[in-house]
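Asks: Take a look at this one; I'll ask things after.
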Amino acid sequence: MATASSRRVQRASGHQAFVLHHYPYSESSAIVELLTRERGRISAIAKGAKKPTSNFRAVLLPLQAVRVDYSFVENEGAEICSIRAIERSSGPAMPSGDALLAGLYLNELLMRMLVRAEPQAAIFDAFAATVRVLASDPGPILEALLRSFELVLLRQLGMLPDLSVQTLSQTPIEERRRYALVPEVGLHEAPADGRALPGSQWLALQQALASEQALAGCMRILGENATGLKQQLRAALAHYLGGELQTQRLMRGLRAL
């Protein structure tokens, strides 16, 4: 049994966060999934959030940047936090159209990939930059933006192999040969089809991911070649997730209309 000292209630104030999702908890309250810079992904109770007069209603929107005060039980990361105060921060406006769908996909991806109460400042910063671009109507660079964020996410979670060598043999890749990323195999030499990328590009991505501006660096490198990486990264993510996301099925269905 936990002692009183191990269950001491802690308070966090002014934490930067993004709203990932929320769902009903009781007749009047909601559970809010937040990505915070300081403590990573957290689940928090927003008491009274469903009431018509609640201040929460205008704030608990997907991709909304907020500052939040909340309490949590020390040493029990699985415990649900309790929101004491939350307000909009000076973040970007909500995206629209394809950019909104892309943002909802990233929200679901983060909820599935991130462990609760595990700080991931680099992922938070990359996500904040991604949301800013989504809000500016990214148009033709949307594909490169999504693939770049996926690369950063996998690298920060330790799920991306060294992109400077073939994974199984650990032999250096060659700039003029082409390689593909395959689940459970890693990076390996592949036929010169639409999915394989030249070694020079993989080497550049490896260098970019090691920099402080990983997201922007990957976007510059991928450019119009981002489409060739889409299926490879989706397969890698599905391997860790055990299947595709609901938002992926939704987007596929909308395109079929």
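Asks: Name the single residue, out of those in the range 237-257 being within 17 Å of Leu146 (Cα to Cα) and in a loop (DSSP other than H, G, I, E, B), that is modelled with the lowest pLDDT.
Replies: Looking at the filtered set, the residue picked out is Glu244.
Asks: Being at pLDDT 95 or above, surrounded by fewer than 17 Cβ atoms within 10 Å (Cβ to Cβ) and farther than 30 Å from Gly139 by Cα: is that true of Gln170 here? Break it down into steps so the answer makes sense when it comes.
Replies: Details: at pLDDT 95 or above: yes; surrounded by fewer than 17 Cβ atoms within 10 Å (Cβ to Cβ): yes; farther than 30 Å from Gly139 by Cα: yes.
When the stated conditions are applied, Gln170 passes them.
Asks: So Arg84 fits all but one of (1) among the charged types (D, E, K, R); (2) open to solvent by 30 Å² or more (accessible area, probe 1.4 Å); (3) outside any strand (DSSP E or B); what number is the exception?
Replies: (3)
Asks: Just wondering, is there one or more residues in the range 61-80 that are loosely packed, with under 12 Cβ neighbours inside 10 Å and either in contact with a strand residue (DSSP E or B) (Cβ under 6 Å, 6 or more places away or on another chain) or modelled with pLDDT of 90 or more (or both)?
Replies: The answer is no; no qualifying residue exists.
Residue-wise test of (1) aliphatic (A, V, I, L, M); (2) outside any helix (DSSP H, G or I).
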| site | (1), (2) |
| --- | --- |
| Leu110 | yes, no |
| Ala122 | yes, no |
| Ala128 | yes, no |
| Arg132 | no, no |
| Leu142 | yes, no |
| Leu145 | yes, no |
| Glu150 | no, no |
| Leu154 | yes, no |
| Leu160 | yes, yes |
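Asks: Hey, another quick one. Can you confirm whether Val165 is open to solvent by 10 Å² or more (accessible area, probe 1.4 Å), among the β-branched types (Val, Ile, Thr) and under 27 Å from Leu60 (Cα atoms)?
Replies: No.
Asks: Go through the range 209-236 and count every residue that is open to solvent by less than 20 Å² (accessible area, probe 1.4 Å) and either closer than 22 Å to Pro183 by Cα or not in a helix (DSSP H, G or I) (or both).
Replies: Counting residues in the range 209-236 that are open to solvent by less than 20 Å² (accessible area, probe 1.4 Å) and either closer than 22 Å to Pro183 by Cα or not in a helix (DSSP H, G or I) (or both) gives 9.
Asks: If I ask for residues that are within 12 Å of Leu61 (Cβ to Cβ) and open to solvent by 40 Å² or more (accessible area, probe 1.4 Å), which ones from the range 92-117 would you list?
Replies: Result: Ala93, Met94, Leu100, Leu104.
Asks: Quick one: would you say Leu20 is outside any helix (DSSP H, G or I), crowded, with 16+ Cβ neighbours inside 10 Å and modelled with pLDDT of 95 or more?
Replies: So Leu20 passes the test.
The values are calculated or read from the model by the stated rules, or taken from the named source; none is laboratory data. These numbers come from a predicted model, not from an experiment. FYI the Cβ positions are ideal-geometry reconstructions off the backbone, even for glycines, and counts take in every protein chain you see. Each accessible area value is taken on the protein alone, full model and side chains, heavy atoms only, with ligands, DNA and RNA left out. Shrake-Rupley method; radii C 1.70, N 1.55, O 1.52, S 1.80 Å.
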